[in-house]
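Below is one structure; the comments refer to it alone.
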Amino acid sequence: MIKSLRINNIALIDEVMIDFDNGFNVFTGETGAGKSIIIDAITLLLGGKFDKNIIKEGCDKAKVEAVFDIDYTCEDSKIVQALEDLGVEYDNTLTLSRTIEISGKSQYRLNGDVVAMNVFKRVSNELIDVFGQHDNLKLLDSRNHIHFLDEYIGEEVEVIKSDLKGEIAVLSDINTKLRDLCDNPEKRAREIEFLQYEIGDIESKAFVEGEEEELLARKMVLANSEKIYNVTKGVIDDMESPVNILDVLKSASNALGTIAGLDKDIDDSRDRINSLRWELDDILNVISNYVSNINYSETEYEKIMDRLDVINDYKRKYGNSISSILQYLQEAKARVEDLTDCEERLDVLRSEKKECLDRIYDKSYMIHSLRVAKAKDMSSSIVEELGGLGMNNAQFAVQIDFPNKEDDYESRIALNGLDVVEFLFSANLGQSMKPLDNIISGGELSRFALSFKTVVNHNEPDKTLIFDEIDTGIGGNTGSVVGKKLTRISKCCQVLCITHLAQIASFADNHYKIVKTEDNDRTYTSLIHLDDIGRQEEIGRMIGSIINIGYANLHSIELIKESYNYKLSLA
């Protein structure tokens, strides 16, 4: 649940800090006071796009920050799962903030650390769910119905859809290969001819792994041959000078040999001198042989340089190393083989495609069967909820169209499967069900949306549910019924609701009034947490009895008393 919300420089708000509690939180105020600003601010926390005009005039940036209490003991907590998947450290609270700039840039922070937008959205969307007038319109678009149904089903359908996604990727790869092979013969012949030229070109140079490294090493020796000769010849001359170090060591060994066996330390010293003699003698032989073989060849040097030029030229054309060139050669040969054996390869690909399409159909049918079963449960639950909102004759069903296996269904393949889903509805007795957008009125849509949200968001205690003017098109006793419905929802989820109806506001556990004031030729929006007297006055204002204000206040007291008794009955 949202523990607190801080808004800076949004629209008419300089700064406002709202402390929330569990239960049912209601926002009211005069039309134009700025109630929508709260929703706009929370939408920013969901990673939504923004118009730079939302930033308070005269400011170059704005910020929204929310602190959430999280129940980490819940084994099925989606937010905990999301945090663990993302590798985000968490404690009993979680802080999300977003700073927006007039340039259009945004900065997202999670517990004070800057994070990517997709990480931020993954977390915030597990914490907050906004349902308002715009979302009502989304219910009317049949393209969204399949997503709403899957949202109701949950993880069970997502697992199968994940498998389906892998099969669709395989199908896409097969189709790409088929398109390549099925292009016109002239294009295929040109590609074969070009590849064969490249293959012959590379093979004619007979590149060998490690060749370049050996050539560079030999080039280094030849380029420095004179220096190498002078240094090594000098070493030999020094070692064979009149004071020959080998003769000195030999003499020392012979001298110590005359007293061998008299003392172990003397014997060890003589052994070490002999080791030095033999090591130095070996070194001298190696250097002498090296010097005798030093033979600088201008011709060899030029051949090495020419070969390195060839290697560099082919690296530019085919890869950044001889290994890459040889790999390209093998790929080109494989491609020529595919193109040359086109019909045989096409047969193989067509067989693979048929098998892949069969797997896609089977996976899609599994999803379809699950949707059909769950759609019945969802429909009956929504009808029951609608009855509780005074629509006792309402009917609702989910129409799911699925193709026969004999049909050409490839064009229907999508990440959601092969189903076409549409919601059907009827509000009145004797009226047949029709597509939702063809038959539902504004007031009916508000009640349907509330019923739908109640059913789809069952058992999500981690989430804060936000209802933006869910009361559009309803009033009177229906408003009281909606208030009771939201109250029941608030027993398991934190609820925030913007409303114009006194009947709904009377059920609030926490009531906030949004007011607009003018000072020094500036307009400001602020927020007041109402006490009991303030609630009575605000609900009386919402009742709107201009002729008899006293009656309105008495009516507001009665509404609050009735809602209080109802909440006691739920305890």
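The values are calculated or read from the model by the stated rules, or taken from the named source; none is laboratory data. Worth saying up front: this structure is predicted, and the values here are computed from it rather than measured. Neighbour counts are summed over all protein chains in view; Cβ atoms, including those assigned to glycine, are modelled from backbone coordinates with ideal geometry. SASA here: full protein model, heavy atoms, side chains in, ligands and nucleic acids out. Shrake-Rupley method; radii C 1.70, N 1.55, O 1.52, S 1.80 Å.
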Taking H as built 1.01 Å from N, whose amide H comes closer than 5 Å to the amide H of Thr464, not counting residues under 5 places away? Ile128, Asp129
Mean Cβ neighbour count within 10 Å, used as a protection proxy, ranking 257-266, 427-436, 530-539, 5-14 highest first: 5-14, 530-539, 427-436, 257-266
Rolling a 1.4 angstrom probe over the protein heavy atoms, how many square angstrom per residue are accessible across the range 1-150? 48
Please enumerate, by chain and number, the aspartates and glutamates with C-alpha under 16 Å from the C-alpha of Lys161, excluding those fewer than 8 residues away in the same chain. Asp150, Glu151, Asp358, Asp362, Asp419
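Quick check: convex hull of the Cα atoms in the range 498-561, volume per residue, rounded to a whole Å³? Before the final figure, lay out the partial values.
Details: hull volume 6.4 nm³, N = 64.
So the per-residue Cα hull volume is 100 Å³.
Stretch Thr95-Lys49 to full length: gain in nm at 0.36 nm per residue minus the Cα-Cα span?
14.5 nm
Would you kindly calculate the mean projected area, averaged across all directions, of the convex hull enclosing the Cα atoms of the range 339-388, in square nanometres?
Mean projected area of the Cα convex hull: 4.4 nm².
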Pairs beyond 21 Å (Cα-Cα), from Lys78/Lys484; Lys138/Lys513; Lys363/Lys405; Lys3/Lys513; Lys484/Lys561; Lys63/Lys491: Lys78/Lys484; Lys138/Lys513; Lys63/Lys491
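Counting only protein heavy atoms and using a 1.4 Å probe, what share of the accessible area of the range 377-524 belongs to carbon plus sulfur, as a whole percent? Show your work: numbers first, answer last.
Numbers: 2500 of 6150 Å².
Carbon and sulfur together cover 41 percent of it.
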Over all viewing directions the Cα convex hull of the range 163-285 casts an average projected area in nm² of 19.9
Give the Rg (one decimal place) followed by the Dmax (whole number) of the range 443-571, computed from C-alpha coordinates and expressed in Å. 15.7, 50
Cα centroids of the range 297-330 and the range 13-64: how far apart, whole angstrom? 65
How much of the pair distance distribution for the range 464-540 lies past 20 Å, counting alpha-carbon pairs only, in percent? 37
Evaluated over the range 124-208, the Cα radius of gyration and Dmax, each in Å: 25.2, 72
For the range 304-436: span of alpha carbons on each principal axis (Å, largest first): 94, 33, 20
Determine the relative contact order of the range 299-449: mean sequence separation of Cα pairs under 8 Å and six or more apart, normalised by residue count, in whole percent. 16
Could you look at the range 1-158 and say what percent of its accessible area is carbon and sulfur, using a 1.4 Å probe and all protein chains? 44
Relative contact order in percent for the range 34-122 (Cα pairs under 8 Å, 6+ apart) equals 30
Rolling a 1.4 Å sphere over the protein heavy atoms, what is the accessible area per residue of the range 416-539, to the nearest Å²? 39
Using only the Cα atoms of the range 300-367, what are the Rg and Dmax in Å? 21.9, 72
Considering just Cα atoms, how many Å³ per residue does the convex hull of the chain enclose? 358
Would you mind pulling out the separation of the Cα centroids of the range 247-270 and the range 555-569, in Å? 114
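Would you mind calculating the relative contact order of the range 250-351 from Cα pairs under 8 angstrom and at least 6 residues apart, reporting the percent as a whole number?
Numbers: 26 pairs, mean separation 12.0, N = 102.
It comes to 12 percent, rounded to a whole number.
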With a 1.4 Å probe and all protein chains left in place, how much of the accessible area of the range 229-327 comes from carbon and sulfur atoms, in whole percent? 52
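In Å², and per residue, what accessible area does the range 214-308 have when probed at 1.4 Å with the other protein chains present? Intermediate values should be presented prior to the final figure.
Details: 6750 Å² over 95 residues.
Ligands and nucleic acids excluded, the result is 71 Å² per residue.
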Please list Val421, Val88 from largest to smallest accessible area, probe radius 1.4 Å, with all protein chains kept in place. Val88, Val421
Scaled to the compact-protein estimate 2.2 N^0.38 Å, what is the alpha-carbon radius of gyration of the range 169-225, rounded to two decimal places? 2.04
Beyond 18 Å, what share of the Cα-Cα pairs of the range 45-111 remains, rounded to the nearest whole percent? 46
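Taking only the Cα atoms of the range 1-113, how large is their convex hull per residue, in Å³? Please report the intermediate quantities before stating the final value.
Details: hull volume 13.5 nm³, N = 113.
In the range 1-113, the Cα convex hull volume per residue is 120 Å³.
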